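For reference, the structure discussed in these notes is given below.
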Amino acid sequence: MADLTTDFLGIKSPNPFWLASAPPTDKAYNVERAFEAGWGGVVWKTLGSEGPPVVNVNGPRYGAIFGPDRRLMGLNNIELITDRSLEINLQEMTEVKKRWPDRAIIASIMVPCEEQAWKDILPRVEETGVDGIELNFGCPHGMSERGMGAAVGQVPEYIQMVTEWCKKYYSKPVIVKLTPNITDVRYPARAAKAGGADAVSLINTINSIVEVDLDNFAPVPTIDGKGSHGGYCGPAVKPIAMNMVAEIARDPETAGLPISGIGGISTWKDAAEFISLGCGNVQVCTAAMTYGFKIVQEMISGLSEWMDQKGYDSIDDFVGRAAPNVTDWKYLNLNYVTKAKIDQDLCIKCGRCHIACEDTSHQAITDLVDGARKFEVIDEECVGCNLCVNVCPVDSCITMEQISGVDPRTQKEIDPNYANWTTHPNNPSAVTEPAE
Ligand SMILES: Cc1cc2nc3c(=O)[nH]c(=O)nc-3n(C[C@H](O)[C@H](O)[C@H](O)COP(=O)(O)O)c2cc1C
Ligand code: SF4
Ligand code: SF4
């Protein structure tokens, strides 16, 4: 059976599934039940400075986007960092770490952007014996208005400065959690590396308004007639998170910087995709909030089964395997030609592929053949865009097949050799040898 243990920055855990800093990791009661359910580690709900804790709203703090079956696709929240006292959190972290030495516990921290504030809290966190810290430079609401969270994460110079303070006053691994509310995530990642970060984690939540209540014309969640932007997470953000992970993984300036992947991970497959893009482990929040702690058991068994099928003995066997295959558009092979193919035995004749291709693509799917309702691809028109595959309700009914020889659409012989935009005759800056 595959070995799921991970060693992330020297922090060992029985599997790569950690709970992200959020309500599931808010207190010992939750964290211990999460460990009993099988989670490999937790990032404790973000701690703030000594003193009166932050105050959350006393009304609704979530909004959501649903799929047609009311499956939760995206979650929006206006919650702040922990509203429990620093003292209680530190005490509970110390006790839980003692009771669960084989699980990873990371302290998430957000204090003002002043050296003294970090100098005060870090020795106290060190005393708890937890395995490392994660700097919350991502929270997009409430805390950012006070100059913390995303307000720091959006300024690379601040990221570097605070990371340097943490490396100065704390001896264990420092993970910098990045905000996605930025144009190019490579800059904050580079700043974290320059500051001495041992790893980056991403993504935190995305600024969002998920719904406007049309009875009172206010964003949801609505607090006494007003709403505020919140942080978006859950399955809907996974594509954005994976792109940001890939950007960092393939940036020569941050190559080799360990990454903890976060954002919409709900299944073992989501986790395997993040890991293949270069993440040493993954963190989960919304899936645990939606389905409970036991969801990790399906993640563990699914990942383990898939690794056995593929012959991977350990997580390291496939970490980063997809990263070299993420490239810029200009390097894609323009001599790779495909056509859609419809399996007539699977087709239920719903007509969605015809409408999509007819109205918005290349008029390459019939609706009638010899007067009978039939959906067939017209190879002379098909550009191989695969829109039809994505709108067809039947899995594997339409497939894309590579062709060779003469392309019936262009009537030209397909060159079997790789060639990209860098050498294409239509490119005014074309070179003679294709760059890869
Ligand atoms: C209600 C809620 C509270 C959160 N609080 C924190 C927090 O205190 N610190 C932090 O770093 N991230 C916080 N997050 C962000 C999550 O840790 C995570 O980065 C984000 O939800 C994306 O992961 P997911 O799609 O699995 O939920 C919070 C998320 C939610 C939903
Ligand atoms: S691949 Fe694109 S062009 Fe070809 S049949 Fe499908 S939708 Fe039409
Ligand atoms: S969308 Fe799929 S099932 Fe529907 S007609 Fe087209 S091929 Fe058949």
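Rule-based calculations on the coordinates, nothing more; no lab input. All of these numbers come straight from a predicted model, not from anything done at the bench. Cβ placement follows ideal geometry from the backbone for every residue including glycine, while neighbour counts extend to all protein chains displayed.
Dipole size of region 114-216 about its Cα centre, with +1 on Lys/Arg Cβ and -1 on Asp/Glu Cβ: approximately 500 debye, rounded to the nearest 20. Taking every DSSP bridge with both residues inside the chain, close to 50 percent are antiparallel.
For region 14-123, the spread of Cα positions along the three principal axes, ordered from largest to smallest, is 50, 34, 22 Å. Using Cα springs under 10 Å in a Gaussian network model of the chain, which residue among F217, F17, F35 shows the largest mean-square fluctuation? Comparing F217, F17, F35 in the GNM, the peak value goes to F217. In region 277-335 the Cα-Cα distances spread across 5 Å bins starting at 0 as 4, 14, 16, 19, 15, 14, 10, 5, 3, 0 percent of all pairs. With Rh defined as the Kirkwood radius, the inverse of the mean 1/r over Cα pairs, the Rg/Rh of region 96-249 is 1.03. Solvent-free Debye calculation, one equal scatterer per alpha-carbon of the chain: log10 I(q)/I(0) at 0.09, 0.10, 0.12 Å⁻¹ equals -0.68, -0.80, -1.05. Legend: residue pairs K98/K193; K27/K98; K12/K238; K269/K310; K177/K226; K310/K339, Cα-Cα distance threshold 23 Å; pairs beyond threshold, K98/K193; K12/K238; K177/K226; K310/K339. As a rough guide to protection, the peptides 121-132, 308-319 ranked by mean Cβ packing within 10 Å, highest first, stand as 121-132, 308-319.
Sites listed here are trypsin sites (Lys or Arg not before Pro) in region 337-436 whose DSSP assignment is loop and whose Cβ has at most 13 other Cβ atoms within 10 Å: K349. In the elastic network of the chain, a GNM with C-alpha springs shorter than 10 Å, the most mobile of A323, A150, A356 is A356. When the chain is modelled as a GNM with alpha-carbon springs shorter than 10 Å, which of L214, L346, L90 fluctuates the most? Highest fluctuation of the listed residues: L346. Phi-derived couplings, Karplus 6.51 cos²θ - 1.76 cosθ + 1.60 at θ = phi - 60°, listed residue by residue for region 32-41: 5, 5, 5, 5, 4, 6, x, 4, x, x Hz, with x used for Gly and Pro. For the charge dipole of the chain, defined by +1 on Lys and Arg C-beta atoms and -1 on Asp and Glu C-beta atoms about the Cα centroid, which residue among I295, G147, L257 has the Cα displaced farthest towards the positive pole? It is G147.
Show log10 I(q)/I(0) for region 26-78 at q = 0.17 Å⁻¹, two decimals, from a solvent-free Debye sum over equal Cα scatterers. Per q value, in the given order, log10 I(q)/I(0) is -0.90. Note on region 123-195 and region 366-436: Cα centroid distance 46 Å, given to the nearest whole angstrom. Once you reduce region 287-365 and region 16-89 to the center of their Cα atoms, the two points are 30 Å from each other.
Relative protection proxy for 413-422, 168-177, 111-120, from highest mean packing down: 168-177, 111-120, 413-422 (other beta-carbon atoms within 10 angstrom). Bin width 10 Å, origin at 0, all Cα-Cα pairs of region 329-423: what percent of pairs per bin? Each 10 Å bin holds this share of Cα pairs: 16, 43, 29, 10, 1. The C-alpha atoms of the chain define a longest principal axis, and helix 295-310 lies at about 50 degrees to it. Placing a label point 7 Å from the Cα of M1 along the Cα-to-Cβ line, the residues of region 298-337 whose backbone N sits under 20 Å from it are 298-318. When all alpha-carbon pairs of region 218-274 are counted, what percent fall beyond 18 Å? The share of Cα pairs beyond 18 Å in region 218-274 comes to 50 percent. In straight-distance terms, cross-link reach from K119 covers every one of the lysines whose alpha-carbon lies under 16 Å from its own, apart from those fewer than eight places away in the same chain; here that gives K167, K168, K172. Each stretch of four or more DSSP H residues adds -39500 (n - 2.57); spread over every residue of the chain, this sum gives -8000 deg cm²/dmol at 222 nm. Ordering T25, V220, M400 by Cα displacement along the dipole of the chain toward the positive end leaves T25 in first place; charges were set at the Cβ atoms of Lys, Arg (+1) and Asp, Glu (-1).
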